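Contents: one structure, followed by commentary.
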Amino acid sequence: MDVVVIGAGQAGLSAAWGLRRAGLDFTVLDAEDAPGGAWRHRWDSLRVSGDAFAAHRIHSLPGLEFAPADPSLPANVVVPEYFAAYEREFALPVERPVRVTAVRSVGSELRVETDRGVWTAKALVNATGTWTRPFVPSYPGASTFRGGQLHAVDFPGAEAFTGQRVVVIGGGSSAVQFLLQIAPVAASTTWVTRTPPRWREDPFDADAGREAVALVEERVRAGLPPRPVVSVTGLPLTDAYRAGIEAGVLVRRPMFTRITPTGVEWADGSTEPADVLLWATGFRPAIGHLAPLHLRSPQGGIALDGTRALADPRVHLVGYGPSASTIGANRAGRAAAHEIAEFLRGEAAA
């Protein structure tokens, strides 16, 4: 066929919408059992609006407004419902569950190998996101810790930490929200980050958004591994976050140097006892299946011009780097579809 899209999250569905409008023959391969992408697995306390534990704004996919009947329901309910409605509305050809194991170049075509057979295409949109690749940094002594360790991807809800001493590691919004939820029930909480948090008091308007995206895009264009957008935007200083600072919950300590059997230790010898280490340390792009295409630059990332891989013009990455946000994914998906249509018309003319 013309195009294979890998992943049916925000970026993949946006790309599929653009490919449908372009009249191309395509399919979407999704590893999930049902619509919703990574949103199906978000913690139950996350909402799409209205409180301190709301997700960043969910932007509507092209052609269908995101307007949940009850936005107070968990995000892991309302967003998958919206994605399912979107697939039905535009009759998108989504195959699931299909797990892609490798993509190879075979002559002028791309061979997409999966656990359910092989697809071949003239172009590829990779929209696999990051949720399946949680990142936990390596620290001395981690294997000796007698308590529990878990990543944000497995956050079980605040009640699971009742009466426990919890160290939360990470400087993003997830870490802040976890701390605010856990503190009322935990015996103690400690917030640890690699760099001091950057609290943003000014409104995050369109100009600020474009500036943040441009900074992330600059790294990706140079072939460097993408940085999380929050590293550029900072954390919004909401009323809830102000209250957390005043209450002593959102008081940051620098990174410890090692993990002990009973807690963590800093370079000056000070220690903090802990029952649980909660790693809110982000994710890495899920792109291992693209390894046979040799797209990585010597700097460790995949160099892109817009969404197109510089190493192979048939391959577009969306939801990667500057497009790893709901509004960025929308724009990137549409842009990739438009550029692929132009590319294939050029190939046909040649």
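Read-outs throughout are calculated quantities, based only on the coordinates presented, and are distinct from any laboratory measurement. These numbers were taken from a predicted model, which means no experiment stands behind them. Heads up, the Cβs are rebuilt from the backbone with ideal geometry, glycines too, and the neighbour counts pull from every protein chain shown.
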(message) Sort 123-129, 60-66, 38-44 by the packing proxy (mean of other Cβ within 10 Å over each peptide's residues), most packed first.
(response) 123-129, 38-44, 60-66
(request) Return the distance in nm (one decimal) between the two label points of a simple spin-label model at R99 and D202, each offset 7 Å from Cα along Cα→Cβ. (result) 4.7 nm
(request) Only helical DSSP H runs with n ≥ 4 go in: add -39500 (n - 2.57) per run for the chain, normalise by residue count and round the 222 nm mean residue ellipticity to 500 deg cm²/dmol. (result) -8000 deg cm²/dmol
(message) If I build a Gaussian network model for the chain, linking alpha-carbon pairs within less than 10 angstrom, which residue out of A311, A267, A187 has the largest mean-square fluctuation?
(response) A267
(message) Rg and Dmax in Å for the stretch 126-185, alpha carbons only: what are they?
(response) 13.3, 43
(message) Given axes a ≥ b ≥ c from the Cα gyration tensor, I'd like to know whether the stretch 68-147 is rounded (a/c under 1.5), prolate (a/b larger than b/c) or oblate.
(response) oblate
(request) With r as the distance between the Cβ atoms of R253 and R284 and R0 = 22 Å, compute the FRET efficiency 1/(1 + (r/R0)^6) and round to 0.05. (result) 0.30
(message) Quick check: residue separation of V106 and Q299 times 0.36 nm, minus the Cα distance between them. What number comes out in nm?
(response) 66.9 nm
(message) Please identify the DSSP H helices in the chain that span no less than 15 Å along the helix axis (Cα) and have a mean Kyte-Doolittle hydropathy of -1.0 or more.
(response) 10-22, 75-89, 206-221, 326-349
(request) Compute the signed sum of charges (Lys and Arg +1, Asp and Glu -1) over the other residues within less than 15 Å, Cβ to Cβ, of A311. (result) +3
(request) Evaluate Rg over Rh across the chain, taking Cα atoms for both radii and Kirkwood's formula for Rh. (result) 0.99
(request) Can you tell me the relative contact order of the chain? Whole percent, Cα pairs under 8 Å, sequence separation 6 or more. (result) 23 percent
(message) Can you find, among F90, V166, T238, the residue sitting farthest towards the positive end of the charge dipole of the chain, where Lys and Arg contribute +1 and Asp and Glu -1 at Cβ?
(response) V166
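Restricting to the chain, compute how many DSSP beta bridges are antiparallel as a %, nearest 5.
40 percent
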(request) Could you calculate the contour length gain from V118 to R133, that is, 0.36 nm times the residue separation minus the distance between their Cα atoms, to one decimal place in nm? (result) 3.0 nm
(request) Could you tell me whether the stretch 1-144 comes out rounded, prolate or oblate from its Cα gyration tensor? Rule is a ≥ b ≥ c as square roots of the eigenvalues, rounded for a/c under 1.5, then prolate if a/b exceeds b/c, otherwise oblate. (result) oblate
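From the square roots a ≥ b ≥ c of the eigenvalues of the alpha-carbon gyration tensor of the stretch 227-350, which class results: rounded (a/c under 1.5), prolate (a/b over b/c), or oblate?
Verdict is prolate for the stretch 227-350.
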(message) Against the 2.2 N^0.38 Å scaling, with N counting residues, where does the stretch 260-315 land? I'd like the Cα-based Rg ratio to two decimal places.
(response) 1.96
(message) Sequence gap at least 6, Cα distance under 8 Å: using those rules, report the relative contact order of the stretch 91-183 to the nearest whole percent.
(response) 14 percent
(request) Would you look at the GNM of the chain, springs on alpha carbons closer than 10 Å, and say which of G319, G107, G12 moves the most? (result) G107
(message) With a 10 Å cut-off between alpha carbons and a GNM built on the chain, which of R258, R219, R47 moves the most?
(response) R258
